[in-house]
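Read through the structure below, which is laid out as structure tokens, and then see the notes.
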Amino acid sequence: AEGNLGLANAILSHMASKLPISRMQRDLTDSTVLRNLGVGFSYCLIAYSSLHFGLKKVEANRAFMLQELDKHWELLAEPIQTVMRKHGMETPYEVLKALTQGKEVTQQMIHDFIKSLPAELPEQERRRLLELTPAKYIGLAKVLALQLPDIDAIGKKEDGKE
């Protein structure tokens with residue numbers, strides 16, 4: 001994949017620098033360059049296909065990922081901030097920045113902070129925040145992932161063949 005991306009970058013970079021100058025100087029040599037536009041994109045497609053093939057072989061170490069997530073309770077600053085904004089609390093970003101920035105944030109720190117939020121936060125929201133863990137919180141990841149195109153379909157014709 002790396003070699004094909006290098007070639008694609010070389011070809012497309014050349015076009016990006018050549019074509020504007022050719023157009024301004026009314027140079028007729030740009031037709032040769034334009035005929036190779038597909039070559040640059042083809043190298044990209046080959047590289048992406050190769051990368052996808054390689055990534056399918058990768059396996060995630062779930063236990064290690066969960067251990068790492070459990071060390072980073074500051075990840076929950078985002079949903080806490082969102083809930084605080086939803087309920088009209090003042091300066092949620094700044095408050096959470098002061099709590100988390102440059103510090104090793106623990107579960108206890110986050111829970112103490114949630115419990116200290118003003119009474120204007122509904123108890124149901126407070127309980128929901130207290131139930132969150134770094135491993136459980138995914139934000140909009142599921143929604144965004146479902147919006148991605150099917151990478152296996154890229155480069156295939158309608159009959160399913162390449």
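The values are calculated or read from the model by the stated rules, or taken from the named source; none is laboratory data. These numbers were taken from a predicted model, which means no experiment stands behind them. For neighbour counting, all protein chains shown are included, and Cβ atoms are generated from backbone atoms with ideal geometry for every residue, glycine included. Areas reflect the complete protein model, heavy atoms only, side chains present, ligands, DNA and RNA absent. Shrake-Rupley method; radii C 1.70, N 1.55, O 1.52, S 1.80 Å.
Within region 47-79, work out how many residues are exposed (fewer than 10 other Cβ atoms within 10 Å of the Cβ), closer than 27 Å to Leu129 by Cβ and of a type in the set (Lys, Arg). Number of matching residues: 1. Criterion applied to Leu66, Leu96, Leu34 was being closer than 24 Å to Ile138 by Cβ, over 22 Å from the mean Cα position of the chain (by Cα) and of a type outside the set (Val, Ile, Thr), and the one residue passing it is Leu96.
Of the numbered criteria (1) modelled with pLDDT under 90; (2) under 24 Å from Leu69 (Cα atoms); (3) open to solvent by 100 Å² or more (accessible area, probe 1.4 Å), the one Gly139 fails is (3). Here Glu120, Glu125 are screened, and the one residue that is surrounded by fewer than 15 Cβ atoms within 10 Å (Cβ to Cβ) and of a type in the set (Asp, Glu) is Glu120. Pairing each residue of region 34-49 that is under 7 Å from Ala8 (Cβ atoms) with any residue that is of a type outside the set (Gly, Ala, Ser), provided the two are 6+ apart or on different chains, yields C-beta distances under 6 Å for Gly40/Ile11; Gly40/Leu12; Tyr43/Asn4; Tyr43/Leu7; Ala47/Asn4; Ala47/Leu5. Residue count for region 1-15, restricted to those that are under 24 Å from the mean Cα position of the chain (by Cα) and over 17 Å from Leu55 (Cα atoms): 3.
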